[in-house]
Amino acid sequence: MVQVFSFDACPWCAKAKKYLDAKGVAYEVRDIEKDPGAYDDLLKLTGDGSCPVIKADSGQYVRGFDQPAIDKLLGI
């Protein structure tokens with residue numbers, strides 16, 4: 001399952017989720033403001049708390065809303 005680390009007030013997070021929706025990609029939202037565990041997981045993964053971060057099952061991830069990198073990561 002693809003994971004999207006995000007928070008409500010993040011416009012780039014909203015764009016990333018909208019893009020994944022348009023591509024028909026199922027994902028789990030990991031809200032770093034509402035779930036302290038999600039924030040901890042994000043810090044372990046990337047070393048900082050910037051969002052959005054899209055993480056694939058492989059453990060690889062893309063920081064920010066970078067369409068070509070997301071497509072490559074997810075094979076879409």
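A quick yes/no check of all residues on (1) of a type in the set (S, T, N, Q); (2) surrounded by fewer than 16 Cβ atoms within 10 Å (Cβ to Cβ); (3) at pLDDT 95 or above:
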residue: Val2; (1), (2), (3): no, no, yes
residue: Ala22; (1), (2), (3): no, yes, yes
residue: Glu33; (1), (2), (3): no, yes, yes
residue: Pro36; (1), (2), (3): no, yes, no
residue: Asp40; (1), (2), (3): no, yes, yes
residue: Lys55; (1), (2), (3): no, no, yes
Yes or no: Ser50 closer than 10 Å to Phe5 by Cβ, of a type in the set (Ser, Thr, Tyr) and not in a helix (DSSP H, G or I)?
yes
Hey, Lys44 hits all of (1) surrounded by 14 or more Cβ atoms within 10 Å (Cβ to Cβ); (2) outside any loop (DSSP other than H, G, I, E, B) but one; which does it fall short on?
(1)
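One line per residue, one yes/no per condition, for (1) aromatic (Phe, Trp, Tyr); (2) more than 17 Å from Asp66 (Cα to Cα); (3) in a helix (DSSP H, G or I):
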position	(1), (2), (3)
Gln3	no, no, no
Cys13	no, no, yes
Ala16	no, no, yes
Asp21	no, no, yes
Val29	no, yes, no
Tyr39	yes, yes, yes
Selected residue (only one of Tyr27, Tyr61 is open to solvent by 30 Å² or more (accessible area, probe 1.4 Å), of a type in the set (Ser, Thr, Tyr) and in contact with a Ser or Thr (Cβ under 9 Å, 6 or more places away or on another chain)):
Tyr61
For segment 4-20: of the residues being without any contact (Cβ under 8 Å) to a residue 40 or more places away in the chain and of a type outside the set (A, V, I, L, M, F, W, C), which is most open to solvent (accessible area, probe 1.4 Å)?
Lys18
Of all residues in segment 4-24, count the ones that are under 12 Å from the mean Cα position of the chain (by Cα) and within 22 Å of Leu45 (Cα to Cα).
12
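The values are calculated or read from the model by the stated rules, or taken from the named source; none is laboratory data. Since this is a predicted model, take the numbers as computed values, not measurements. All Cβ positions, glycine included, derive from the backbone under ideal geometry; neighbour counts span all protein chains shown. The accessibility values were calculated without ligands, DNA or RNA, using every heavy atom of the protein model including side chains. Shrake-Rupley method; radii C 1.70, N 1.55, O 1.52, S 1.80 Å.
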